[in-house]
Amino acid sequence: MVHQHVHEGPASADPLLAVPDAVYRIDTDGRFAYVNAAAEELLGRRARDLVGRSALDCFPEARGTTLEDQYRAAAAGGGPRTVEFHYPPRDRWYEARVFPGPSGLTVFLRDVDAERRVSVQREEALRELSAVLDALPSPTVLLDGAGRILSANRRWEAASTIVRQAGHRTAGVGDDYLEAMAPALRPEDRTAITEGLGELMAGGPGVADRSFVWDYALRMGADREWFRLQAARVEPSGRVVITHVDITQRVRDQETVAWQAAHDDLTGLPNRSRLLQLVGESLEDERARAALLFLDLDGFKTVNDSLGHEVGDELLRQVGGRLAKQIRPGDAVGRLGADQFLILARDCDTSEAAALAFRLQTSFARPFLAQGISVPLSASIGVATAQPGARQAHQLLSDADAAAYAAKGAGRDRVHLFSPGLREAARWRLEVANRLRDGAVDELVVHYQPVVRVDTGEVDGVEALLRWQHPERGLLSPDSFLSVAEETGQLIPITRWLLGETTRQAAEWAAQGLPLRMSVNISARHFSAETLVHDVRVALHDSGLPAEKLVLELTETSVAEDPTRAEDQLAVLRGFGVRVAIDDFGTGWSSLAQLLALPIGTLKIDRSLLTAAARLASGGTGAVLAAIVALTRTLGIRSVAEGVETAEHLQMVRDAGCDLAQGYLLARPMPAGDVAHWATRVRAAGGDSCAMALRAGSR
C-alpha cells in the first residue's frame with residue numbers, strides 16, 4: 001500500500017489539517033510531499049518519517065497493486081481516480097481518492113474496512129439467499145423496502161420469458177415490482193396486492209408473523225391462467241420475499257368440481273341443487289313473476305327395462321336437449337333425476353306457463369331415435385306459478401310436483417295446473433308414507449266380495465279387497481294409499497302381509513266347512529322384485545291352504561310392463577297349482593293375444609267393458625261380450641264379469657255365457673266375519689245367490 005508524505009507545517013498555514021479524512025501528497029518523483037495528522041494516524045507513521053521518501057519504498061506492499069495502477073493512471077493524465085483496496089499487513093480495506101495536479105498527486109484516504117466487510121457479508125448473504133431462491137420450485141423474487149427487486153430466481157426468469165411472449169411487461173432485478181406487474185392485473189387484484197405488499201413493507205407489530213396470500217389471474221393468449229402470490233416480510237432487513245405458484249390446474253379442477261356439483265352428469269343440465277338456487281334467485285325480486293314446470297316422462301321405466309339403460313340414458317339426453325330448444329330465452333331447464341325434468345320460466349304468469357307446458361308437450365310428438373330404435377315418449381307436466389310474496393323455492397317445487405302427480409294420475413300425456421287442494425293431497429301422501437313406514441300395517445283390514453257362478457248362483461270364492469282403518473279418517477279404500485305405498489317401497493311388504501292374512505282366512509273358512517277360492521291382487525312391482533314365487537309359497541305353507549284355492553289377480557297393464565318377467569314367474573306359480581287371473585280386462589292397452597299367451601286361468605272383464613257392451617247391445621250392434629267370452633272358453637280360460645250392479649247386467653253376462661260374476665247386485669265387500677253369515681243366508685235361500693239377489697232387488 002502506498003502512502004504519500006505531506007510536508008509538515010504550522011496548523012494555521014495548513015488548510016488540510018481541518019479535513020477529517022487522511023490526506024497526503026505525492027510529488028512527481030513519487031515521494032511523500034505532505035501528510036496531515038489524520039493520515040499519520042491512519043498510516044501509523046509520523047510525517048517526518050515519510051516526507052521526502054518514496055511512497056513505494058515506505059510501503060512496498062503496494063507495489064504491483066491496484067493502488068499503484070491508479071497512481072500511475074492519474075499521474076498520466078487519466079483524471080481523478082477512486083479505488084478500494086485491501087492492505088494485507090493490517091488486513092483492512094481502505095478507499096483512496098486520487099486527484100492529479102501540477103505538482104503531483106493528492107490522495108484522500110479513508111478506512112472503509114467495517115463498511116466493506118458489512119457489504120461483503122450482505123453480498124454473501126444475498127448470494128446465499130439467491131441460491132435458496134433458485135432452489136425454490138416456483139418463480140420467486142426478493143424486494144427491498146422500496147418495493148424494488150433485489151433478486152430473482154431462475155424460475156422467475158424462465159416465467160418472464162413466457163409472460164413476455166403473452167404480451168405482458170416483465171420485471172427484473174432493479175425494477176419496481178408493482179409497477180411492472182400492475183398492467184397485467186385485473187383492477188381488484190391490483191388493489192388487493194398493492195395493499196397487501198404495502199402492509200408488509202411498512203412493517204409494524206406482528207407483520208413479520210403473518211403472510212399475505214392472494215390468487216390472481218393472467219390472460220395468457222386465449223387462456224386464463226391462475227397464480228397464488230404468497231409474500232412474507234424478512235426481518236430484520238425489512239425485505240419481502242414473494243413466490244408465485246401456478247394453481248391453474250387446481251382452479252380448473254375446482255371449477256370442474258363446482259360445475260359437476262351443480263349439473264347432472266348424464267345430460268349436462270342444471271341439477272336439483274342448482275335449479276333450486278336459480279328458483280330462489282328468481283323469487284328474490286318481489287316484482288318478478290316465475291313459474292315452474294315439473295315434467296315427468298310417462299312409462300319410462302318400461303323403456304329402460306325393455307331396451308336397456310344405455311338406450312334409456314341416450315333418450316334422457318335427447319329429451320333434455322329437445323326441452324332446452326323449446327324454452328324461451330332467459331328460462332332454464334334442468335334434470336331433477338331419474339325421468340323428471342324441471343323448467344324455470346322467468347317473468348311468466350299462469351296462462352303463459354300453461355302455454356309453455358303445452359308447447360313442451362307437443363315437442364314429444366316426434367319419436368326419439370336411440371341406437372337405431374324409434375321410441376315414442378310422452379310426458380305429464382305439472383305447472384305452478386309463484387304467488388306474490390312467495391320466497392320459498394322448495395315450496396314452489398313442491399307445488400309443481402303436486403301438479404305433476406295429479407297430471408300423472410289423470411292419465412298419460414297430460415298438463416295439470418296447481419291448485420291449493422293439491423297441496424293438501426301432497427300432505428296426505430306424506431302422512432301416508434310416514435304412517436306406513438311407522439307400522440300402519442297393523443291398521444290394515446281385508447274385506448271380501450263374493451264371486452259366484454252365473455249358471456247356478458253357487459258361491460265360488462271371494463276377492464280380497466284391502467282397506468285401511470285409519471284412526472282419524474275412518475275406513476279408507478286402497479286408492480287413497482296404495483299408490484303412495486308403491487312409491488315408497490311399502491307395497492311389497494303390504495302384499496306379503498295380505499297373502500299371509502288371506503290364505504290364513506281361507507284355510508280357516510275351509511276348516512269351518514266353507515271352502516272358498518281366495519283371489520288376491522298382485523302389483524307389477526312384485527315381478528320386478530322377483531320375490532313373488534317365494535312369498536306365495538311361504539303364505540301357502542304357513543296357512544296350509546291348497547295351492548289350487550289361491551287365485552292371483554294382476555291387471556293387464558302391470559303384466560304388459562314386463563311380459564317376459566311376468567310370464568316366467570306366472571309359469572312357476574301355475575306349475576304348482578296357483579291360478580292366475582287377469583283383472584280389469586278392457587282398461588289397459590295390451591292386446592288380447594298378448595294376454596292369452598300368458599299362463600292364465602281366468603279373465604276378469606272390467607265393469608267399463610260391461611257397460612260399453614250393454615250400450616252396443618241396446619243399439620243392435622251385436623253381442624261383443626259374448627265374442628270375448630267364447631274366445632276365452634275356447635282357450636280353456638274362465639271368465640268373470642265384474643261390476644254386475646243391475647238385473648240387466650246379470651242377464652247380459654248370462655246371455656254371453658260368462659262363468660262367474662261379482663258386483664253390488666250379488667254382494668257388497670264385507671268383513672271376514674260377515675262372509676260366513678252371508679253364505680249361510682245363500683244356503684238357506686236354496687244356494688242360488690243370483691236368484692236371492694234378484695228377489696231382493698225386486699222388493
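Just a few scattered comments:
- When shorter helices are ignored and each DSSP H run of at least 4 residues is given -39500 (n - 2.57), the per-residue value for the chain at 222 nm works out to -13500 deg cm²/dmol.
- Note on residue 392 and residue 61: their simple-model spin labels are 9.5 nm apart, each label 7 Å out from Cα toward Cβ.
- Sequence-separation-based contact order of the chain, relative, with Cα cut under 8 Å and 6+ spacing, percent: 6 percent
- The C-alpha atoms of the chain define a longest principal axis, and helix 607-618 lies at about 50 degrees to it.
- The stretch 106-144 residues near the modelled residue 230 label - backbone nitrogen below 19 Å, point 7 Å along Cα→Cβ: 129-143
- For residue 58, the accessible surface of its heavy atoms amounts to roughly 10 Å² (probe 1.4 Å, protein chains only, rounded to the nearest 10).
- Restricting attention to the chain, lysine pairs at least eight places apart or on different chains and with alpha-carbon atoms under 29 angstrom apart total 6.
- Tensor-based shape of the stretch 120-256 (alpha-carbon gyration tensor, a/c under 1.5 rounded, otherwise prolate or oblate): prolate
- Compared with the dominant Cα axis of the chain, that is its longest principal axis, helix 689-698 is turned about 80°.
- Evaluated on the chain, the Kirkwood hydrodynamic radius is 35.5 Å, with distances taken between all distinct Cα atoms.
- Computed from the C-beta positions of residue 255 and residue 419, the FRET efficiency with R₀ = 45 Å rounds to 0.60.
- Taking the average, over residues, of other Cβ atoms within 10 Å as the packing measure, peptides 460-467, 178-185, 25-32 rank 460-467, 25-32, 178-185 from highest down.
- Carbon/sulfur fraction of accessible area - the chain, other protein chains in place, 1.4 Å, %: 52 percent
- Exposure ranking of 526, 394 by accessible area [1.4 Å probe, largest first]: 394, 526
- Computed accessible area, residue 34, all protein chains, 1.4 angstrom probe, square angstrom: 10 Å²
- Taken over the stretch 267-403, the alpha-carbon convex hull comes to 94 cubic angstrom per residue.
- Across all Cα pairs in the stretch 25-79, the calculated P(r) in 5 Å bins from zero up to the longest distance comes to 4, 20, 26, 27, 17, 5, 0 percent per bin.
- Segment residue 488-residue 191, extension gain: residue separation times 0.36 nm, minus the distance between their alpha carbons: 101.3 nm
- On the beta carbon distance between residue 285 and residue 611, with R0 = 41 Å, the FRET formula returns roughly 0.15.
- Acute angle (nearest 10 degrees) that the helix 272-284 long axis makes with the longest principal axis of the chain, alpha-carbon atoms: 80 degrees
- Trypsin sites (Lys or Arg not before Pro) restricted to the stretch 328-388 and DSSP loop, no more than 15 other C-beta within 10 Å: none
- Solvent-accessible surface (1.4 angstrom probe) belonging to residue 86, in square angstrom, nearest 10: 70 Å²
- Highest average packing first - 650-661, 45-56, 677-688, Cβ atoms within 10 Å: 650-661, 45-56, 677-688
- Note that the chain presents 48 Å² accessible area per residue, ligands and nucleic acids not counted, probe 1.4 Å.
The values are calculated or read from the model by the stated rules, or taken from the named source; none is laboratory data. Everything numeric here is computed off the predicted structure, so don't read it as measured data. Because the Cβ atoms are built from the backbone with ideal geometry, glycine has one as well, and the counts that use them run over all protein chains shown. Calculation scope for accessible area: heavy atoms of the full protein, side chains included, ligands and nucleic acids excluded. Shrake-Rupley method; radii C 1.70, N 1.55, O 1.52, S 1.80 Å.
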